[in-house]
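Colleague: Structure below; questions to follow.
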Amino acid sequence: MFDHVGIYVADLARSAAFYRAALAPLGYSVAYEDAFVVGLGPEGAPSLWLHAGSAAGARTHVALRAPSRAAVANFYAAAREAGGEDNGAPGLRPDYGATYYAAFVRDPDGHNVEAVFHGEA
């Protein structure tokens, strides 16, 4: 289990708005914010850090655990409404496991963000 993940974003305000909206259905909110970094996480504990800087180069894949299939669908809808690009609509991913239910979006910098529920079939 990871403690936190940091990614670099080209436009901190735009990315913070995207993640604030996209991750709200997963229970994430902004726990820390200044001019150079925004930390989001559940229950006031930042685990995803957005750093102002260049997002050029390799893209990151971040998968966040969701509490239900509905939360996965709500993440996907919120992320798309906030400007995220479709990278896989909510659904089962049998290649990953019999109960692996996930959705994928690309954030404003092209990072692949996933919400996944490992629950019932």
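Colleague: Note down the relative contact order for the chain as a percent, whole number, built from C-alpha pairs under 8 angstrom at least six residues apart.
Modeller: 25 percent
Colleague: Taking just the C-alpha trace of the range 1-59, give me its Rg and Dmax in Å.
Modeller: Both quantities, over Cα of the range 1-59: 10.9, 32 Å.
Colleague: Further question: In nm, to one decimal, how far is the modelled label at Ala70 from the one at Glu33, with both set 7 Å along Cα→Cβ?
Modeller: 2.8 nm
Colleague: With unit charges on the beta carbons (Lys and Arg positive, Asp and Glu negative) and the dipole taken about the Cα centre of the range 1-95, which residue among Leu92, Ala52, Tyr8 sits farthest to the positive side?
Modeller: So the residue we want is Leu92.
Colleague: Also, I was wondering about something else. At what distance in angstrom do the alpha carbon centres of the range 78-120 and the range 54-72 lie from each other?
Modeller: Cα centroid to Cα centroid, the span is 7 Å.
Colleague: Only Lys, Arg, Asp and Glu count, each charged at its Cβ (+1, +1, -1, -1), so figure out the dipole size of the range 5-117 about its Cα centre, rounded to 20 debye.
Modeller: 240 debye
Colleague: Which order do Tyr32, Tyr8 fall in if you start with the one that has the fewest other Cβ atoms within 10 Å?
Modeller: Tyr32, Tyr8
Colleague: I want to check the label-to-label distance for Ala98 and Arg14. Put each point 7 Å from Cα in the C-beta direction and report it in nm to one decimal.
Modeller: Inter-label distance under the simple model: 4.4 nm.
Colleague: Considering only the range 3-113, what is the antiparallel percent among its DSSP beta bridges, to the nearest 5?
Modeller: If I count the DSSP bridges inside the range 3-113, around 70 percent turn out antiparallel.
Colleague: Divide the volume of the convex hull of the Cα atoms of the chain by its number of residues and quote the answer in cubic angstrom per residue.
Modeller: Cα convex hull per residue, to the nearest whole number: 96 Å³.
Every read-out reported here was derived from the displayed coordinates using simple, explicitly stated rules and does not represent laboratory data. It should be emphasised that the depicted structure is a prediction, and the values quoted were computed from it without experimental measurement. Here Cβ is always computed from backbone atoms with ideal geometry, including for glycine, and neighbour counts include all displayed protein chains.
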